[in-house]
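Here the structure is laid out as structure tokens; the discussion comes afterwards.
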Amino acid sequence: MRKILITLFFVLPIFVNAQDVSGILFSGKSVDYFGQLTDKGKNKDGLGIQRLKGGNLFAGNLRKNKFHGFGMMIAGENGEITNCDGAYVYVGEWKYGVKNGKGIVYGRNGTAIYVGMFVDDTPTGKYPSEEIETAKHFSYIEMEEDDETNLFIGEVENGKPEGYGMTFYEDGFIGLCQHKDGKQSGVGIMIFPPNFWATFRVKDERYFQISSSNEQIERQTNNKTIATRERTELIQSLSKVLDAGVELAGVIGQIKDDDLSDNVTTPSIGVDVIGDSETDTHILSSSNGNKYNLGEQQSYNTDKQTWSNYDGMLSAHFYGGRSATRNEVKQWQQKMKDLRAKWNAKGKDLPNSSNENKSTSNCSNVSHIH
């Protein structure tokens with residue numbers, strides 16, 4: 001059973017200012033993009049989140065540095081959604097950097113003002129639409145789930161994520177995916193800024209990893225503090241731009257798995273998938289298929305690699321002549337023991353190595369100068 005303890009849902013949807021959102025997401029970071037890269041980091045290829053000049057924020061699929069496939073553009077304080085007067089958000093299809101295909105345009109208060117086709121970045125139908133046949137709007141929802149407080153920004157219907165959007169998790173991960181009945185659906189990406197990512201496919205509430213970055217991340221102890229501060233700033237920023245008269249309703253309830261459809265439709269979001277066969281992917285969750293299993297698996301893989309790095313350094317010292325002080329060796333050994341204890345407490349094992357407890361009597365007390 002999945003519990004949503006508190007949902008902040010606005011009866012009159014909100015306008016989201018991307019200058020604030022992108023500024024918060026990329027504050028203190030030397031990059032303007034989180035996500036998949038190719039050609040040794042030269043090209044943005046695949047799923048990602050990008051900050052643009054003028055403060056616009058794009059979240060979706062790219063091909064060779066151009067928006068291509070499915071994605072979401074939020075206009076910044078000094079930006080705009082081209083060829084769409086009064087628009088602040090576009091969610092839909094892109095081709096070689098411009099809007100092409102089906103899309104929805106949302107206005108200042110989050111309501112849809114155009115639903116239809118685009119060709120060469122321009123709406124083909126009457127703009128704004130005279131009749132809107134969608135109950136979706138653009139908003140944010142703050143959710144408490146599994147002892148975590150997560151923030152969703154994107155398309156919402158009946159107080160639940162419905163469509164495309166970003167989820168900001170308590171542990172610092174950012175999820176980008178389609179949603180159906182409040183749950184992630186189809187192909188998405190989990191990002192740990194600035195340089196870690198893992199793509200996945202959701203089917204029948206089970207997560208299959210497609211690929212991940214090769215960057216090795218040593219998590220800092222203040223990750224949770226940083227993530228909490230960013231979420232707080234996002235909420236404060238979003239709430240400041242509410243129109244007068246917006247009503248706030250607290251919705252408290254539960255969503256049970258058996259109340260949701262058993263048939264999850266996997267939407268196409270324009271991403272080229274490597275290892276498309278399910279037999280080529282690794283099942284990340286066999287229980288309720290939530291994000292945490294994916295994030296925990298990636299954290300385990302990272303810590304396992306970190307443990308191996310320390311083991312290699314110790315082997316090079318004990319058997320290969322690598323210079324190290326007694327304090328350095330003790331620190332490496334303690335790091336290995338700490339990682340082992342961490343994952344033993346979660347029911348996972350790390351490899352055994354005699355280096356963890358090997359005597360440091362032959363180590364010097366001072367650093368060697370090479």
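Every number here is computed from the coordinates shown, using simple stated rules; none is lab data. This is a predicted model, so every value here is computed, not measured. Glycine gets a Cβ as well: all are built from the backbone with ideal geometry, and neighbour counts include every protein chain shown.
Some values worked out for this structure:
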quantity	calculated
Long-range amide H partners of Ser129 with built H, under 5 Å	Tyr114, Val115
Sorted by Cβ density within 10 Å, fewest first, the residues Tyr106, Tyr127	Tyr127, Tyr106
Label-point gap, in nm, between Ile132 and Lys64 - each point 7 angstrom along Cα→Cβ	3.7 nm
Over 32 Å (Cα to Cα) - which of Lys64/Lys180; Lys160/Lys337; Lys64/Lys335 fall in this group	Lys160/Lys337; Lys64/Lys335
Listed residue pairs exceeding 25 Å between alpha carbons, taken from Lys44/Lys348; Lys44/Lys99; Lys136/Lys183; Lys42/Lys136	Lys44/Lys348; Lys42/Lys136
Ranked Phe58, Phe26, criterion: other C-beta atoms within 10 Å, fewest first	Phe26, Phe58
Set of lysines with alpha-carbon distance to Lys330 below 21 Å, sequence-local pairs under 8 removed	Lys304, Lys342, Lys358
Region 147-211: C-alpha gyration tensor shape, a/c 1.5 cut-off, then a/b vs b/c	oblate
Inter-centroid distance (Cα atoms) of region 40-105 relative to region 134-152, Å	22 Å
Flagged links, alpha-carbon separation over 27 Å, of Lys53/Lys95; Lys29/Lys102; Lys40/Lys95	Lys29/Lys102
Ranked list, fewest to most other Cβ atoms within 10 Å of each Cβ, for Ser211, Ser299	Ser211, Ser299
